[in-house]
Structure formats: C-alpha cells, structure tokens
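The values are calculated or read from the model by the stated rules, or taken from the named source; none is laboratory data. What you are looking at is a predicted structure, and each value in this text was computed from that prediction instead of being measured. Don't worry about glycine lacking a Cβ; one is built from the backbone with ideal geometry, like all the others, and counts go over all protein chains shown. What goes into the accessible areas is simple: the full protein's heavy atoms, side chains included, and nothing from ligands, DNA or RNA. Shrake-Rupley method; radii C 1.70, N 1.55, O 1.52, S 1.80 Å.
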There are 2 protein chains.
Amino acid sequence: MASTLHDVARLAGVSIKTVSNVINDYPHVRPATRERVEQAIAELGYTPNLTARSLRSGRTGAIALAVPELGLSYFAELAASVIEAAEEAGVVVLVEQTGGDRDRELELLRSPRLKMTDGLIFSPLGMGQDDVDRLDVPYPLVVLGERIFDGPADHVTMRNIEAARAATEFLLRTGRRRIAIVGAHEGEVIGSAGLRLRGYREALDAAGVPFDESIIGYTTLWHRSNGARCMRELLDRGAEFDAVFGLNDTLALGAMRVLQEAGLRVPGDVAVVGFDDLDEARYSIPSLTTIDPGREWIAATAVRTLLERIEHPDAEQPARLLLADFRIAERESAGAALDSASAALESAGAILHQGAGADA
Amino acid sequence: MASTLHDVARLAGVSIKTVSNVINDYPHVRPATRERVEQAIAELGYTPNLTARSLRSGRTGAIALAVPELGLSYFAELAASVIEAAEEAGVVVLVEQTGGDRDRELELLRSPRLKMTDGLIFSPLGMGQDDVDRLDVPYPLVVLGERIFDGPADHVTMRNIEAARAATEFLLRTGRRRIAIVGAHEGEVIGSAGLRLRGYREALDAAGVPFDESIIGYTTLWHRSNGARCMRELLDRGAEFDAVFGLNDTLALGAMRVLQEAGLRVPGDVAVVGFDDLDEARYSIPSLTTIDPGREWIAATAVRTLLERIEHPDAEQPARLLLADFRIAERESAGAALDSASAALESAGAILHQGAGADA
DNA sequence: ATCGGCCAGTACAACGTTGTAGACTCGGCG
DNA sequence: CGCCGAGTCTACAACGTTGTACTGGCCGAT
C-alpha cells in the first residue's frame, strides 16, 4: 500500500540507494537525476518508513515522558511544555501515566515499551530515596521532581526550599505572623512537602517567629479535596492563623474555598499563597498568589539534557543536578500589604528572588 | 550493548528462531530447551527490540493522539482517559499538540512522524467542515469533536444539542427564565458552540420562552479569561438575567468569578451551569453544576474503534458516528430549585437524560 | 515395511532503510 | 598516452525480528 524506496527507484529508473541519497541530501547526485527522483517521489506520495529508518540507525526520534497523571494540572502543564520543547527539537513524545504508584514506576523503568524511544523523562512520585539504584538504567534518563536525589541520572528540578522560604518571607513581610500550612507530609524530609516545609521553617527562624505545630495541616495526596479537608480540620480544631501557605496550588485553592465557606475573607482575614503557578491560579476568586517554580525552563532543560545524552551516549560526564529559577507571582489572595514597604514592593513587579541557574 | 536474539541463541546453543519461538510461546518447544533459553534470556537481560519487531510485523503498538493543547483542562483529562484506555489494550500513546491551528492540523495529518504509529485519534479545532476531504488519509483515523461531520473516518463525539437542551431545561425547571449564554461563536452552526446554542434555543422554544439576543455573550477561544470578559460585557451593557449557561466549564468558571466580583450571589441571584464536568468543577466556589458529556466513554470508544480499524484494515465497513451518553452533574451553582418538583428531582440524583449509546 | 503425520528444531528470506565498498565515466595532468 | 582523482551511481550487507519452508526423528496406522 504505502510506497517504498523500491517503488520510487523503479519509477525513476535508478537504484534505491540513489533515491535514498536524494532524500538525505547527499551532494553527489546530478541535478537531472535528482529531479527525476523527486518527481517520482511526488507522484507516488512516498514518505520514508520511520520504523525501518529507526532499525537501521538505532534511533527512533521519540522520547518517553512518564508522569503520575495528566488529570493533575501541574503534570498536564508540564507535559504540554515538554511536548512543545521536544517538537522544536524535531522529536515526538510518548506519554505514560504511572498513577504515582511505586510498583508501576519501577515496572515502567524496565518496560520493553521504552525500546520504542531513545530515552525517558521520568517524574516519579511513589518511589523514594531508597529506590535510587533503580534509576541506573541502560538508556538515557532524566529525572524530575524531588523524590530522589543524587541518583545516577541527570536531575532537573526546582528550588523548593528557597522558593518556599521566599513565599513565607513574603507573607511575613506583609505583616502576617501566624502562617498555617496545608499539605504537609508526616515525617517527610525529602520530597516536595518536606523541602517546602523546611523552607517555611527557615523563614520563620530567620524572622524569629516561633514554629507552631498546631497550625500545620497534614494530608497525603495533593488533591483539591484534600486541601479542603485539611483546612476544615484546622478550622474545626480552632487553630488561629492570619495566613495559609498551601504547599501547592490545588491545595491552596481547596483551602481557599473552605475559608470562604467559613465566612473568612481572603486576603482580608487570611492571606493565601500557593505553589506551582497553574494557569488556574490566575482565574480563581480571588486570584492566587503563588510561586512560579520555572516549569517551562524545567521542561525545556529536561528535553535538552536528554537529547544531549542521546547524542553522546558514551560521554562519561557525571550526572548533573539542574535547578530552575523561581519567582513569586503576586495576585489578589496575598497582595494586600500591611505596611508601606511591601506596598512599594507590590507595585514593583514581585520578582523577589531570582536564583542563578546552576548549569554546572 | 543491548543483547539480541543472536546473543541469546549462542549462549543457549540453539538457533535464533528457537529463541524467538520461546519468546512468542510457540508450543512445539521441548521443556528442557525452553528452560535453557529462558535462562539465557535472564542471564543476558534480553528484551526484544520493538523497532525490529515493528518493521517485521508492520505494527508499532503505538497510536497517536492529537489535541489542541494539554494546558486546556478538557484535553488534559481527555488525554488521560485515552492513555489509560490504550494502556489497557497494551498500546502506548504519542501525544501531539496542534495549538488548534488549522495549518498545523493539516500538516499533522500528512506528517511522516505518524509512520511511527498504527493510527491517529484526532481532535481538530482549527479545521472546519470545508476540510472534510483532508480526513481521507491512508491510515486508520478516528476523529473527535464537532468541527467536522460526515467525514470519511469514524467519529466519536458527544450529544451536544441534547445535552445543552437538557442543561437549559434544567434551569427552566428550577424557575429561571432569563438564561444568558457565555461563549457563543458568531454565526457558527456546526462546532461545539453552534450545536450547544442550538440545544439552548430548542429548550427555550419548547418552553415558550422567547430567545433574546441581548443576553447572548460572544467570544472566540474558550479560555477562562474570555469567560470573564464575556460576562463583564454582559453586565456592563446592563443585560438582565437570572441564570448563565457557560458553553463549557472554563467559561462558566470565569463568568462565575465576575458575577461574584459584581456582588451577585451564585446561585441566589444567578444560577450557573457549565459543560464538560472537569475535575475542577467539583471544587470551585460554589461547585459548578455542569454536563458530564461522557468523556471517558469517548476516550475508551475512540481507542477501541481505532484498534478495530487497525486490526481489520481491509474491512470495508463505512465510517461510523458514535455518540456518548451524557448526564447532568448537579452541584451548588445551580442546585437551588425554585419549586418543589425540582427540589424532589434534586435529591433524586440528577440523572436527567440518559441517551442510548448509538453503537450502530 | 512403508507411509503419513506430528514434533522439535533449523535455514533462509524478508520487512525498508542506509553505510560501505566499489564500478564506471570523464577531465586533467605528468 | 596512461594514470589519478573526483563525480555519479550501484550492489551488497546489515539493523533484529518473524513467517515460511524445510529437515529429521519418531510413532502409529496401513
């Protein structure tokens, strides 16, 4: 059905290798021959069989992206950015969902289905630091997220601690003193929750504000409903606070909903800050002040790094850690500065911290 | 680096075909031989080269999914469902973004990159009915959405007219009479906007409520911000209404935000209904009453239909139109019934209309 | 005893492409 | 005049897999 080099060669009266040479812009082809071949290609509507080309070249021109779930806005937007960056590099993206399940993540790492791709961008959620050895795979791999550090593969991620610290400092600077947390993970040290909580504590310590366990809300999965539930529990137990730091936007949005249901005004009574800068944060009521963690940069860097590894598979370059810059996206939910200094800051554009890209 | 059938065969002392037979569960292999081969496979960590297998078999085990943008929640959730359904069928999914741009959509349809897949699930947004002939492609294709009807390819979509009519009837039944529209497309007949507006008009006509152009809000792209802008325009020009039908959830959510900013209570002063049943609709404030258009069924059916076409490429079965059932997901933004009949209905569970799946 | 049929396993070709080696022509230079 | 090198093109092999056809050996039925 689909035509091959043989068909084109027969029609043009040349060998199949000459057709191949024309397609690949090999220079030593007479213009007359080239034209004859091109005409035959057009006539037959020939397109090269990429599978055969892959077999021959050992490259597929596809990369895999594994995320927990596209239904989670953060990963949907991450995937969008990865696909876009890959497209610019002429590469297509095969998307897998792991559900954030450790077993499925481990299984995926050794799945033969990856043989269809040249490498993997992997965002684990179920695996932890103990599984670090499982990242030692026989194909190019770039890891995202904060579940596993110092692994054998390149790692692109965000400045969780610094960003969370900046978010907390922002709230402190606007006069808030009792900053509740929504979404903490019990006993976690590494991982988004652990790192962001650490940034929060660093900011409190630096400002001399005591850490108060009673306004820390714990939960498991970072779903909207859990943000709501978490906030409801805080309110029910009579916790007192004048600000909320949701460890991601979905949590913050869920929490904000509960605050409003309870008759509290945002940001009047309680300021709310999130983390992720989802598209949605721009359109909530009120719009959500949040951390833009550099998602696009992360996506572009992950693709670029992976393609470099694919290009030079034998390069003995050690695994790198690449960190994105972040900024505070200041909006309504925590824009009302309580003193004049921060009011000036507010109008200035809100880039509070611009970390240096650690490309080394 | 990676081992091949040859390596395994050499180690096990058999021919490569026997190894192949073991892998493919060919029955006529002696248990002793099978075991020897399996041991060699384990020892070498052999996994089959899927590219070579694809070349040989003519099948890749991958399908492509082309959507406008994963940043749009509807398509992110659609993609999630498609990937899940494909996974169950043992197939992987290559995701492309067209940006809803007609030229990129047309280009994608003849892109050689599709050669890496067995078929395409295509959700166009820029193309229109005039481009129907472009869907006559030399590979299995399933079309989604409502941009193009009666094309040469299988088409899986939702009951836009009936669902929009049911949404409108729901508002009418709860006593609303002045139902504003957010997100109409000027002059559109086909397409989600055109069809949903038609369902709206049918409901009005059936109830003897006059259609009033002054409460129809027009916009272009269905982004949150456009829903907000659209609603602001309606308010600015002094339009009077007691309900809003957002032609999708993002529009409705944007509109709801503006209503609340303007001091109007939802659903007290204005009831709001959306369309899509995004995850987000469950967690907005108030939660959004909306149409569940059967997205999961659409995804599963698209995958199943595509795989059937791939399986039987020569079957001369004519292109089919497959329609999903829908239901009203009744939530807070339009739950407050104004009469006792609908109050009873409200507590009943809100499946207002259950269309029959047209699998013929 | 001979044949047909089943079992276990093998050799070869083919999927469509591209790298390598080489054939053939032609012009220029020694 | 003969040789070299560059230009143009071709034949062949190989990427790793699997379908087809085949070889023997064995058993039971004729």
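Here is how the numbers come out for the structure above:
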{"item": "Radius 11 Å from Cβ of B:ASN160, net charge of other residues (Lys, Arg +1; Asp, Glu -1)", "result": "+2"}
{"item": "Percentage relative contact order, region A:5-48, counting C-alpha pairs under 8 Å, at least six apart", "result": "44 percent"}
{"item": "Rel. contact order, % - alpha carbon contacts under 8 angstrom, at least six apart, region A:93-190", "result": "19 percent"}
{"item": "Centre separation in Å (Cα based) which lies between region A:299-330 and region B:120-167", "result": "39 Å"}
{"item": "Beta bridge orientation in the protein assembly as shown: antiparallel %, DSSP, nearest 5", "result": "15 percent"}
{"item": "Protein-protein interface of region A:69-90, residues with accessible area decrease of at least 30 Å², isolated chain reference, 1.4 Å probe", "result": "A:LEU70, A:GLY71, A:ALA76, A:ALA80, A:ILE83, A:GLU87"}
{"item": "Whole-percent pair-distance distribution, where bins are 10 Å wide, for the alpha carbons of region B:217-346", "result": "12, 35, 25, 15, 9, 3, 0"}
{"item": "Nearest-to-axis residue of chain A, judged by beta-carbon position, where the axis maps A onto B, in Å", "result": "A:ALA76, 2"}
{"item": "In nm, spacing of pseudo-spin labels at B:GLU88 and B:ASP150 (7 Å Cα→C-beta vector)", "result": "3.4 nm"}
{"item": "Copies compared at B:SER15 - label distances in nm, ascending, label defined 7 Å from Cα in the Cβ direction", "result": "3.1"}
{"item": "Where GluC sites (Glu not before Pro) in DSSP loops with at most 11 other Cβ within 10 Å are excluded, longest remaining stretch of chain A", "result": "A:1-185"}
{"item": "Relative contact order (%) - criterion: Cα under 8 Å, at least six apart; region: chain B", "result": "14 percent"}
{"item": "B:ASP130 - accessible surface, heavy atoms, 1.4 Å probe, Å² rounded to 10", "result": "150 Å²"}
{"item": "Region A:207-276: trypsin sites (Lys or Arg not before Pro) in DSSP coil with no more than 11 other Cβ atoms inside 10 Å", "result": "A:ARG237, A:ARG265"}
{"item": "Label 7 Å beyond Cα on the Cβ vector: A:ASP314 copy-to-copy distances, nm", "result": "4.7"}
{"item": "For the pair B and A, total buried accessible area rounded to nearest 100 Å², probe 1.4 Å", "result": "4300 Å²"}
{"item": "Accessible area, probe 1.4 Å, largest first, for residues A:HIS223, A:HIS28", "result": "A:HIS28, A:HIS223"}
{"item": "Accessible area of chain B divided out per residue, in Å², using a probe of 1.4 angstrom", "result": "43 Å²"}
{"item": "Part-to-part distance (alpha-carbon centres) for region A:211-232 and region B:72-104, which is given in Å", "result": "32 Å"}
{"item": "Using a 7 Å Cα-to-Cβ projection, B:GLU38 label spacings across copies, nm, ascending", "result": "5.8"}
{"item": "Total formal charge among the other residues, if their Cβ is under 11 angstrom from that of A:ASN226, Lys/Arg +1 and Asp/Glu -1", "result": "+2"}
{"item": "Percent accessible area from carbon and sulfur atoms, region B:166-229, protein chains only, probe 1.4 Å", "result": "55 percent"}
{"item": "Label-point separation in nm, B:VAL29 to A:ARG237, each point 7 Å along Cα→Cβ", "result": "5.8 nm"}
{"item": "Candidate residues B:THR168, B:THR18: accessible-area rank, largest first, probe 1.4 Å", "result": "B:THR18, B:THR168"}
{"item": "log10 of Debye I(q)/I(0), alpha-carbon scatterers only, for region A:5-48 at 0.15, 0.19, 0.33 Å⁻¹", "result": "-0.27, -0.43, -1.35"}
{"item": "DSSP bridge pairs, chain A: antiparallel proportion in percent, nearest 5", "result": "10 percent"}
{"item": "Karplus 3J(HN,Hα) series, Hz, for region B:315-330 with 6.51 cos²θ - 1.76 cosθ + 1.60 (x for Gly, Pro)", "result": "4, 8, 4, x, 4, 10, 10, 10, 10, 7, 6, 10, 8, 8, 9, 8"}
{"item": "Which of B:TYR200, A:TYR139 is most accessible, then next, and so on - probe 1.4 Å", "result": "A:TYR139, B:TYR200"}
{"item": "Angle between chain A longest axis and helix A:295-311 axis [Cα atoms, degrees, rounded to 10]", "result": "30 degrees"}
{"item": "Ratio Rg/Rh, restricted to the protein assembly as shown and using Cα atoms, in which Rh is the Kirkwood radius", "result": "1.01"}
{"item": "Accessible surface of A:VAL273 - all protein chains present, 1.4 Å probe, nearest 10 Å²", "result": "0 Å²"}
{"item": "With all protein chains modelled, accessible area of B:LEU221 [1.4 Å, Å²]", "result": "100 Å²"}
{"item": "Where labels lie 7 Å past Cα in the beta-carbon direction, separation of A:ILE16 and B:ALA315 in nm", "result": "3.2 nm"}
{"item": "Convex hull projection area averaged over all views, chain B, Cα basis, nm²", "result": "22.6 nm²"}
{"item": "Per-pair calculated FRET efficiency, R0 = 51 Å: B:SER225 and B:HIS6 via Cβ, rounded to 0.05", "result": "0.30"}
